[in-house]
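S.K.: I'd like to ask you about the structure that follows.
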Amino acid sequence: MSFRVIWVLEHMLVSLRFVKEVFGLLFGAVFYFLEAFVRFFVLHPRKDVEGEVVLVTGAANGLGKHIAKELGLLGATLVLWDVNWEALDRTAKELRQSLDVRVYAYVCDCSRRMEVYRVAEVVKKEVGDVSILVNNAGVVTGQYTFIDAPDNLVDRTLRVNTAAHFWTYKAFLPAMLQRNHGHLVCVSSHGGLFALNGLADYCASKSAAIGFAESIALELLVLKKEGIKTTIVCPYLINTGMFQGCRTKWPSLLPIMDQREAAETIVDAVLREKMYLALPGSLYFLMVLKSFVPAKLGIIFINFFGGLDLMDHFHGVPVPTVTYKKPLCQRSDSSSEPQSIIYYD
């Protein structure tokens, strides 16, 4: 008889727990749908980043350069990383002349784990703890089918577009966790949301970057580190050298964005602490469409929007190889302090 009573009580507890979880799910769904509806009309206030230490990878040119400039205009200390020392040096000098903030330039191949850790230690020593990390560096192979693509280029794509995020997070996230303060920005791509012909390694690497960033966001939630925000950015084509020559079938629906305007939109999303940003907004519609249409119909849509011949006219600019005789970093700020140069071993 006692076992029967215990069995009934256990099932009652399970039923009550189930009811509680369902109620929590329904309440949360209603609340956050209402919140999203309100936020559509009333934007989240922009946070202040003055004095924050911002590190932007791939900052020598294009989108990374403009993101750094936008954050520098708001008073953030800038730390610029890139593999191309000559271009990075020009960008750093340009930003020092136009902005009233400290600017530090470091040459670093983010795909190399030990190199990231080594340069990160220099940053911590010379600048301080990074509080906003913008993983923007990316490469694309292009011009090849997957079988014809050289293995070293495929490997480079996976290391730069995905593995680099692991190593930069490992290097700078611990300090953010200790302070419960920071912001992690993953600049992915529409290729991480939709399959595209001729971009197997690129799409795989960008999908992995999104999955990694989402998983880290969940870890932060479980660790109750609400002070560390995450933003995942998925832009369509931007008029940088990376996808030079690529064309869009529907410029009014999927325009090739100006890099400065794209940077402004991305920085605004970071300041308003948005978790996701798709550029342009029509990508949200395509994401919903992808979830509901049959697979074969989805292929027709991919062709309709140009996903099968996107790379036909591609002649993007190749990423330069690191020259180890170049300086690892160049420290400078708005004062008259002398610069310090550190070289690779």
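What follows draws every value from the coordinates through simple rules; no lab data is involved. Please read all numbers here as calculations on a predicted model, not as lab measurements. For neighbour counting, all protein chains shown are included, and Cβ atoms are generated from backbone atoms with ideal geometry for every residue, glycine included.
S.K.: Cβ under 10 Å from Gly75's Cβ, Gly75 left aside: what net charge do those residues give with Lys, Arg +1 and Asp, Glu -1?
M.R.: Charge balance near Gly75 sits at -4.
S.K.: Using a simple spin-label model with points 7 Å from Cα along the Cα→Cβ vector, what separation in nm is obtained for Arg247 and Leu297?
M.R.: That separation, rounded to one decimal, is 2.9 nm.
S.K.: Residue by residue through the range 78-83, which ³J(HN,Hα) values in whole Hz follow from phi under the Karplus form 6.51 cos²θ - 1.76 cosθ + 1.60 (θ = phi - 60°), with glycine and proline marked x?
M.R.: 9, 10, 10, 10, 6, 8
S.K.: Please give the length that would be gained between Asp129 and Ala87 if that part of the chain were fully extended, namely 0.36 nm times their separation in residues minus their C-alpha to C-alpha distance (nm, one decimal). Numbers along the way, then the final one.
M.R.: Details: separation 42, 0.36 × 42 = 15.12 nm, distance 2.51 nm.
Length difference between fully extended and current span is 12.6 nm.
S.K.: Further question: Determine ³J(HN,Hα), in whole Hz, for all residues of the range 275-286 in sequence, where each value follows from phi through the Karplus function 6.51 cos²θ - 1.76 cosθ + 1.60 and θ = phi - 60°; x replaces Gly and Pro.
M.R.: For the range 275-286, the Karplus-derived couplings read 7, 10, 9, 10, 10, x, x, 5, 5, 4, 4, 5 Hz, x marking Gly and Pro.
S.K.: List the residues, sorted by chain then number, that are 5 or more residues from Ala278 or on another chain and whose placed amide H is less than 5 Å from its amide H.
M.R.: Amide H neighbours of Ala278: Cys234.
S.K.: On to the next question. Amide H of Tyr104 versus every other amide H placed in the peptide plane: which residues, excluding those fewer than 5 positions away on the same chain, fall under 5 Å?
M.R.: Leu78, Val79, Leu80
S.K.: Can I ask one more? Please turn the phi angles of the range 214-226 into ³J(HN,Hα) values with the Karplus equation 6.51 cos²θ - 1.76 cosθ + 1.60 (θ = phi - 60°), one per residue in order, whole Hz, x for glycine and proline.
M.R.: With coefficients 6.51, -1.76 and 1.60, one gets 5, 5, 4, 4, 5, 4, 4, 5, 5, 6, 6, 9, 5 Hz.
S.K.: Whose amide H sits under 5 Å from the amide H of Lys229, counting only residues 5 or more places off or on another chain, with H placed in the peptide plane?
M.R.: Here Gly182, His183, Leu184 satisfy the definition.
S.K.: So, one more: With a/c under 1.5 counting as rounded, go ahead and sort the range 150-210 into rounded, prolate or oblate using the C-alpha gyration tensor (a ≥ b ≥ c being the square roots of the eigenvalues; past the cut-off, prolate if a/b is larger than b/c, else oblate).
M.R.: oblate
S.K.: On to the next question. With all distinct Cα pairs included, what does the Kirkwood hydrodynamic radius of the range 51-343 come out to in Å, to one decimal, could you say?
M.R.: 19.5
S.K.: Another question about this same structure. Which of the three applies to the range 145-285, rounded, prolate or oblate, going by the alpha-carbon gyration tensor with a ≥ b ≥ c and a/c under 1.5 meaning rounded?
M.R.: It is oblate, given that a/c is not under 1.5 and a/b is not larger than b/c.
S.K.: Grab the beta carbon distance between Phe285 and Glu214, set R0 = 22 Å, and tell me the FRET efficiency rounded to 0.05.
M.R.: 0.55
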